[in-house]
Amino acid sequence: MVVDLKTGASAPREDELDRHPQLGVYQLAVLLGAFERFGLAEPGGAELVQVGKAALTARARVQRQDALADDPEPSWAKDLVETVAAGMAGPLFQARVNPGCRTCPVASCCPVNPEGEQVTP
């Protein structure tokens, strides 16, 4: 099980957890051998453990993602990494509305937001 301790004030919605990119990429790293020297080759899923303001209580809030192997499309995390890598290697980087927009620290200079429309996409 991959566990990511979160100390921030925001947490993903429950309906975002199945394909939460950060958790999926952590699991992919395990599958690709990042922890092989510790005898770990297959992730059993991943969790975000909210210990900061996002926990909303004195207790930690746990948000779970199933193992990639249990997903109907087990290659989704690998496909995501390949897509992002291809996009980042290209000559343009297109801004797109996504779940991270609601907590983005640079929204005022992003062309997908009204505050950032002055920036050319």
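Remarks
- Per residue, segment 5-121 exposes an accessible area of 70 Å² to a 1.4 Å probe, with every protein chain left in place.
- Averaging the Cα positions of each part gives two centres, and for segment 80-121 and segment 1-76 these lie 24 Å apart.
- Pairwise label distance in nanometres, R64 with V51, each label 7 Å out on the Cα-Cβ vector: 2.0
- Using θ = phi - 60° and Karplus 6.51 cos²θ - 1.76 cosθ + 1.60, couplings along segment 88-95 (whole Hz; Gly, Pro as x): 6, 7, x, x, 10, 10, 7, 6
- Accessible area of segment 1-106 belonging to carbon and sulfur atoms, whole % at 1.4 Å probe: 58
- Each Lys and Arg Cβ is given +1 and each Asp and Glu Cβ -1; about its Cα centre, the chain then shows a dipole of about 520 debye.
- Taking label positions 7 Å along the Cα-Cβ direction at both M88 and E115, the computed distance is 2.5 nm, reported to one decimal.
- Database remark: amide H of C110 closer than 5 angstrom to the amide H of G116 (H placed geometrically; neighbours at sequence offset of 5 or more, or on other chains; Pro and chain starts carry no H).
The values are calculated or read from the model by the stated rules, or taken from the named source; none is laboratory data. Just so you know, these numbers come straight off a predicted model, no measurement behind them. Note: ideal-geometry Cβ built from the backbone for every residue, glycine included; neighbour counts use all protein chains shown. Each accessible area value is taken on the protein alone, full model and side chains, heavy atoms only, with ligands, DNA and RNA left out. Shrake-Rupley method; radii C 1.70, N 1.55, O 1.52, S 1.80 Å.
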